[in-house]
1. Through the Karplus equation 6.51 cos²θ - 1.76 cosθ + 1.60, θ set to phi - 60°, convert the phi angles of segment B:174-185 into ³J(HN,Hα) values in whole Hz; use x for Gly and Pro.
2. What 222 nm value per residue comes from the helices of chain B, counting each DSSP H run with n ≥ 4 as -39,500 (n - 2.57) and dividing by all residues, nearest 500 deg cm²/dmol?
3. Short version: ³J(HN,Hα) in whole Hz for each residue of segment A:13-24, in order, from phi by Karplus 6.51 cos²θ - 1.76 cosθ + 1.60 (θ = phi - 60°), x for Gly and Pro, what are they?
4. GluC sites (Glu not before Pro), restricted to segment A:23-57: which are DSSP loop and have at most 12 other Cβ atoms within 10 Å?
5. Using the basic label-point model (7 angstrom from Cα toward the beta carbon), what is the A:Arg58 to A:Arg28 distance in nanometres?
6. Accessible surface of B:Trp284 in the full protein assembly, 1.4 angstrom probe, to the nearest 10 Å²?
7. Taking the Cα centre of chain B as origin and charging only Cβ (+1 Lys, Arg; -1 Asp, Glu), how large is the dipole, in debye to the nearest 20?
8. Within straight cross-link reach of B:Lys124, meaning Cα distance under 15 Å, which aspartates and glutamates are found once same-chain residues fewer than 8 apart are removed?
Amino acid sequence: MAHTVRIEDNGVSYTCAPAESLLEGMQRLGRRGIPVGCRGGGCGVCKVEILEGEFSTRAMSRDHVDDDDRRHRRLLACRVYPAGDLSLRVIGKLQKSVCGATPDPRLPA
Amino acid sequence: MALTGVLRPGHAQIRVLDLDESVRFYKDVLGLVETGRDAHGRVYFKCWDERDHHSFVIREADRAGLDFFGFRVLDTATLDKLDADLQAYGLKTERIPAGEMLATGERVRFELPSGHLIELFAEKTKVGNGIPLINPAPWAKARDNGIAPIRLDHTLLYGPNVAAVQKIFTEVLGFYLVERVLTPDGNANAAIWLSCGQKVHDIAFAEYPEPGKLHHCSFLMESWEHVLRAGDIMSMNAVPVDIGPTRHGVTRGCTIYAWDPSGNRFETFMGGHLPYPDYETMTWTFDNFGQGLDYPQRKLHETFLTVVS
């Protein structure tokens, strides 16, 4: 059963299957939201803070997610799998470019 | 003999987040040949047409990225001379004993002002490419396993102090500057492409605030058709692709950028022009960086500047 994920920064919601990462689910929307980088837990651009909801994770680089981040559920969306409905906000280093007031004309709307 | 000193890229050691998943990727999808495992848990690979024991080593770690990048030099006398030259230049060097890495002689290691560890070595066991040296066939069966590049070609590293890095490579190690991209104000280099032979580059650097970052390790393909076939295999295996297939303006090489399962970018690359050490450096202004990166699309992909491991 798919779960609903809400990006609080822009109010967009999408569905995400339990076997899909939060990033894969969002990519199916074909619109802007969480920045997409390596999709392997190594580059850190898709960092989000999970505000509510249950989930599981796979390995991600400590360069981007340390113990404090884990305690505060600041994780890489490409490595987080939903176990229920979730809400999150984007905190990766490209956050401004994807959630800022000015749309980036190079990216699909 | 014209080619002396530093000969070619010899090895990269990369950190991966899940060893088994990464071994499967590098063997079955990229199509490297596994040549050994050591007591540190490292797994050694070579490209099918390489003759040395290994060119690509992975180890499991809690973060992705590059441990070090090594170059083969002509012989041990060259190794000793370059070690002395690096020290005379003011760099601290370290000797890693023979055998620390499988089938590899003594290595000289030093840290660049960009935060990267570079190694030089003169000896590594030749295991061959599966083709006899007498009456050799043009290729071996391993050529058809996965993407199957023919060699580790070069790396692009991101870090600070690119101007100081350039001086070390050109003034101590005998490299020359083939191409460069200027900073927006035109007063410095944002990125540099350096060669130690007649390849269009053996190592490249881009100015970046965080030290020691890996942009990509590049693997050489035989033809544009092999690059397209690599793209097919990436999609068949749901490998995340960054850019391409396309052609770079810088180097004229044809390319796909993609990521391994830990977010280390790699490149399947072919072509490029053939520079000589006497050629003038080619310069790209920053406003043409898009064409330099992706010539047909004329696009400075955001991930190129921001996504590293």
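The values are calculated or read from the model by the stated rules, or taken from the named source; none is laboratory data. Worth saying up front: this structure is predicted, and the values here are computed from it rather than measured. Counting neighbours? That spans all protein chains shown, and the Cβs are built from the backbone with ideal geometry, glycine included. These area figures cover heavy atoms from the full protein model, side chains too; ligands, DNA and RNA do not enter into them. Shrake-Rupley method; radii C 1.70, N 1.55, O 1.52, S 1.80 Å.
1. So the Karplus estimates, Gly and Pro as x, are x, 7, 10, 8, 8, 9, 8, 10, 7, 5, x, 7 Hz.
2. -5000 deg cm²/dmol
3. 10, 8, 9, 9, 6, x, 8, 9, 6, 4, 6, 4
4. A:Glu54
5. Result: 1.6 nm between the two label points.
6. My reading of the accessible area for B:Trp284 is about 50 Å².
7. In debye, rounded to 20, chain B gives about 400.
8. B:Glu50, B:Asp52, B:Asp75, B:Glu100, B:Glu106
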